[in-house]
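Before any comments, here is the structure.
The values are calculated or read from the model by the stated rules, or taken from the named source; none is laboratory data. All values derive from a computational prediction rather than experimental measurement. Glycine also receives a Cβ, built like all others from the backbone with ideal geometry; neighbour counts cover every protein chain displayed. SASA here: full protein model, heavy atoms, side chains in, ligands and nucleic acids out. Shrake-Rupley method; radii C 1.70, N 1.55, O 1.52, S 1.80 Å.
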Amino acid sequence: MTQTITVVPGDGIGPEVTDATLEVLAAAGADLEYDMQLGGVTALEQVKHPLPQETIDSAERNRILLKGPLTTPSGSGFRSINVELRKLFDLYANVRPVRTIMPGGRYEDIDLVLIRENTEGLYVGVEHYIGMHGDPKAAAESVMIITRFGAERISRYAFEYARANGRKKVTLAHKANILKYTQGLFLDVAHEVAKDFPEIAWEDRIIDATAMQLVLDPYRFDVLVMENMFGDILSDLMAGLVGGLGFAPAGNIGKDAAMFEAVHGSAPDIAGKGIANPTGLLSSACLMLDHLDQDAVADRIRTAVDTVVRAGEARTVDMGGSASTKEYTAALVKALV
Ligand code: NAI
Ligand code: MG
């Protein structure tokens, strides 16, 4: 049966990279139907709500989302719709693979996967000011929450991912030396879970040392798992190892729903110019196809991306070329075999 997915093109360059992605999906023969929905500032402008009920209803029906970037105002304004969607569907595992597509960067043949806990840690938003001596903002406090349940399911997800994808090693990056309770609990739980996966090598490392080692010698890693904020930071570092945000995909996976999106944002500086690189969202769509057991279609698309980017004739501006989004997309469609 053809899978219907909810598609939210989103803001800024979102509609441009979404068009490109859907064009390649169609040409590659993906067996999908699309339920197009609004989200973000675009939705706020058109229907006066950044996350319309219709979009939520569609996502609830289809349980699979392909989402473009959504602009989030800093400081004041509405809270992140991305975070809201992850919470609404309990999308606890944020899977962020990075691999070298464009040669000639700092490293060749990078192939790493970061698995970030997506629902706990400092990002739960338990925050407040503490007033003292007439200053209402004399201090501020944010609470880091780690639960045994959350640490256990993300650790297990990382090991199961490693097993299912033929990966050899899982590294837990943590700060249990300083944050003895929260990070200590995460470390203890991960140690227990590791016992169920004897065939997979396992290590734990302090987060700051992990950051340095990733830059010095990324080849010593394979699958990395960590709590929410550490994962946020290191996933951008890892995107940097393969040439930046333009190539980085993400899957947000829950027990009975999943949302796929590029790591980059709405890029207001280039929106509407027709020069955005759609590879991030397209690679996220490939993760979605893997998830839907259409991996053969995903592999065809990944091969076409490799071919076009390596040939170098139709690279977008961020890759150092001069091709428009449409020219790059046409080259991808032509390269599909
Ligand atoms: P950004 O990722 O939108 O842009 C950073 C830089 O990278 C810009 O110079 C942009 O032109 C470039 N860039 C990003 N994606 C590109 C692409 N596909 N092709 C070519 N160049 C690309 O990050 P920024 O500027 O910090 O955020 C802009 C807005 O996006 C903010 O409102 C932010 O909250 C939102 N955002 C949304 C995300 C999401 O929906 N998942 C993730 C990150 C940011
Ligand atoms: Mg981030």
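In terms of the Cα gyration tensor, with a ≥ b ≥ c the square roots of its eigenvalues, is the stretch 24-160 rounded because a/c is under 1.5, prolate because a/b exceeds b/c, or oblate?
Details: a/c = 1.80, a/b = 1.27, b/c = 1.42.
Oblate, because a/c is 1.5 or more while a/b does not exceed b/c.
Compute the label zone of residue 188 within the stretch 154-178: residues whose backbone N is under 16 Å from the point 7 Å along Cα-to-Cβ. Under 16 Å, as judged by backbone N against the label point of residue 188, lie 175-178 of the stretch 154-178.
Taking 45 Å as R0, compute the FRET efficiency from the Cβ-Cβ separation of residue 333 and residue 46 and round it to 0.05.
Values: r = 30 Å, r/R0 = 0.67.
Step by step, r from the Cβ atoms, then E = 0.90.
Distance between the C-alpha centres of the stretch 167-221 and the stretch 108-135: 18 Å, rounded to the whole angstrom. Translational diffusion of the chain, estimated by Stokes-Einstein from the Kirkwood radius over alpha carbon pairs at 4 °C in a medium of 1.567 mPa s, is 62 µm² per second.
About its Cα centre, what dipole magnitude does the stretch 58-137 give when the only charges are +1 on Lys and Arg Cβ and -1 on Asp and Glu Cβ, stated in debye to the nearest 20?
Taking the Cα centre of the stretch 58-137 as origin, the dipole is about 260 debye.
Label reach from residue 273 (point 7 Å along Cα→C-beta): in the stretch 12-35, amide nitrogens under 17 Å belong to 12-17. With all protein chains kept in place, the per residue accessible area of the chain amounts to 46 square angstrom at a probe of 1.4 angstrom. Its Cα centre serving as origin, the chain has a Cβ charge dipole (Lys and Arg +1, Asp and Glu -1) of approximately 360 debye. Using C-alpha pairs under 8 Å with a sequence gap of at least 6, the mean separation divided by the residue count of the chain gives a relative contact order of 22 percent. Straightening the chain between residue 299 and residue 61 buys 82.9 nm, computed as 0.36 nm per residue apart minus the Cα-Cα spacing. The residue 87 and residue 217 beta-carbon pair, evaluated with R₀ = 30 Å, returns a calculated FRET efficiency of approximately 0.25.
Of the listed pairs 169/334; 87/168; 67/137; 67/169; 169/195, which have alpha-carbon separations greater than 25 Å here? Display every interim value, and only then the final one.
Values: 169/334 37 Å; 87/168 31 Å; 67/137 37 Å; 67/169 30 Å; 169/195 13 Å.
Correct reply: 169/334; 87/168; 67/137; 67/169.
By per-residue mean of other Cβ atoms within 10 Å, what is the highest-first order of 175-181, 87-93, 260-266? Intermediate results must be reported in sequence, preceding the final value.
On the way: 175-181: 14.0, 87-93: 19.0, 260-266: 24.4.
The densest-packed peptide leads the list: 260-266, 87-93, 175-181.
Hey, any idea what % of the chain's accessible area is carbon plus sulfur with a 1.4 Å probe? Carbon plus sulfur share of accessible area: 54 percent.
Quick one: work out the % antiparallel among DSSP beta bridges in the chain, nearest 5. It would help to have the intermediate numbers written out before the result.
Details: 21 of 47 bridges.
Here the antiparallel bridges make up roughly 45 percent for the chain.
Counting pairs of alpha carbon atoms under 8 Å apart in space and at least six apart in sequence, what relative contact order in percent does the stretch 218-298 give? Intermediate values should be presented prior to the final figure.
On the way: 76 pairs, mean separation 19.7, N = 81.
Here the relative contact order equals 24 percent.
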